[in-house]
1. Rounded, prolate or oblate: which one fits the range 68-116, using the alpha carbon gyration tensor with axes a ≥ b ≥ c (rounded when a/c is under 1.5, else prolate when a/b beats b/c, else oblate)?
2. Order 102-112, 49-59, 88-98 from most to least packed using the mean count of other Cβ atoms within 10 Å.
3. Calculate, in nm to one decimal, what Ser102 and Ala51 gain on full extension: separation in residues at 0.36 nm each, minus their alpha carbon distance.
Amino acid sequence: MIIELVGADTEAAGKSISELTASWGYPAEPVRAEKPAEDPDTKVVDPVSLAALIVSIPSAVLAVADITDRIRNRRRAGELIERARELQAQQATARLVLEDRSVDLATLTPDQLLDLTADEQ
């Protein structure tokens, strides 16, 4: 990790940061830099930020797909549980059979059902 100190009193700030990182077990030498003059007309694209954005796009698409899949499966699980509750009113029980036990579907929430089925896969 690089800690850059900018300002008038970088000596005191450097000592403070060094003491803190030393207490974590990471002695450090702070880098002191002058604050660059900002030109309001200059617009620059940071290549590292651009690369990070490009790399993060596939994971964002995957996350959206996972959420969409979870919503669809949650709706289906809710319908299954509702059907199990209707059957329970007719003196029938619908149970989810797992490797080590079975669970009454009418007592579950949609999220619990999805978690149980995910654990089995």
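Computed from the coordinates by the stated procedures, all read-outs in this text should not be read as laboratory data. Note that the coordinates shown come from a computational prediction; the quantities given were computed from them, not determined experimentally. Don't worry about glycine lacking a Cβ; one is built from the backbone with ideal geometry, like all the others, and counts go over all protein chains shown.
1. oblate
2. Highest-to-lowest ranking by the protection proxy: 102-112, 88-98, 49-59.
3. Result for the pair: 13.5 nm of gain on full extension.
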